[in-house]
C-alpha cells in the first residue's frame, strides 16, 4: 500500500465524517403537553352566596316576627290617665312631715257626692232653725252638748240611738253621707276668737256657737254676737270645707 497515495483518501474520509456530524439534525426535544385548565367554579360559588343571603334574611325575618309576638303578649294595654288622676296619685304618694293636707282633685262621682254633702249640711241647718223656732230660740247645743232628741225628731226618725254625737247605724239615708256612713255631730263649744277650724274627714259635722262662717272654703270662722248664732262645718272629698251658719 502506498502510504502517500492513501493519505489523501484518509483525510477526505475524516473530513467527510466531520461534515456529516455537523449537518446531522439534532434529535427532537419531546414536547410536554399541558393539561387543559379546569372549568371555573364561578357560577357554582355565586349560587351558594345567593342561597346563604336568602337564608340569613329569612332567619332575620323570623326573629323579628318572634320578637313582635312576644312583645305584644307581655305588654298590657295602655290605660289613659287623666290629669286629675295623675295629680291625685302624686299627692297620695307624697308624704311630707309637717305639711298640711292638700286638696285632692275630685272625680265626677266625688264632685256629685260633695254637692250632696253641701245640700245635707244646709238641710241640717234648717232643721236646727226649726228646733229653735219650737224651743224659744234655743239651739240644739244650749245644754253644752248636742240635744239627744233633735236628730231623730227633725232630721231622720229612723235613728233610734239618743247619741247624735256618735255614729248611729240605725239611721236611714236622711242622715248618711253619700258614701253610706252615718253622720254625727261634734260640738266644739263657743268660738272666742277668729280662727280656722280643724275639721277631719270622718263624717263628723263640727258645730261652733258664737260663730259665723268667714266666706271661704278653708274652715275660717269669725266670732258672732250671741250664743244662738252657730256655724256647721264639714270636710268634703277634695279637702275643702263647706260652712253654713244661721245668719
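The values are calculated or read from the model by the stated rules, or taken from the named source; none is laboratory data. The structure displayed is predicted, hence computed values, not measured ones. Cβ atoms come from the backbone with ideal geometry, glycine included; neighbour counts cover every protein chain shown.
Surrounded by 14 or more Cβ atoms within 10 Å (Cβ to Cβ) and over 16 Å from residue 128 (Cβ atoms): is that true of residue 220 in this structure?
Yes; evaluated as a whole, the condition is true for this residue.
State all residues of segment 190-199 that are surrounded by 14 or more Cβ atoms within 10 Å (Cβ to Cβ) and more than 17 Å from residue 146 (Cβ to Cβ); if no residue qualifies, say none.
Selection gives 195 alone.
Take the residues in segment 124-148 that are farther than 13 Å from residue 209 by Cβ and touching a residue at least 40 places away in the same chain (Cβ under 8 Å), then tell me which one is nearest to the chain's Cα centre (by Cα).
The selected residue is 124.
Looking at the structure I just gave you, is residue 130 under 16 Å from residue 236 (Cβ atoms) and outside any loop (DSSP other than H, G, I, E, B)?
no
Among the residues of segment 200-211, what is the count of those that are touching a strand residue (DSSP E or B) at 6+ places or on another chain (Cβ under 6 Å) and surrounded by fewer than 21 Cβ atoms within 10 Å (Cβ to Cβ)?
4
How do the strands (runs of 3 or more DSSP E) wholly within segment 149-247 filter down when requiring 1 or more residues that are within 17 Å of residue 117 (Cβ to Cβ), in contact (Cβ under 8 Å) with a residue 12 or more places away in the chain and under 36 Å from the mean Cα position of the chain (by Cα): which remain?
Per the criteria, 204-209, 230-235, 241-245.
Restricting to segment 227-243, name every residue that is within 12 Å of residue 209 (Cα to Cα), surrounded by fewer than 21 Cβ atoms within 10 Å (Cβ to Cβ) and modelled with pLDDT of 90 or more.
Within segment 227-243, 228, 229 qualify.
Of the residues in segment 132-177, how many are surrounded by fewer than 19 Cβ atoms within 10 Å (Cβ to Cβ), touching a helix residue (DSSP H, G or I) at 6+ places or on another chain (Cβ under 8 Å) and within 17 Å of residue 187 (Cα to Cα)?
Residues meeting the conditions: 2.
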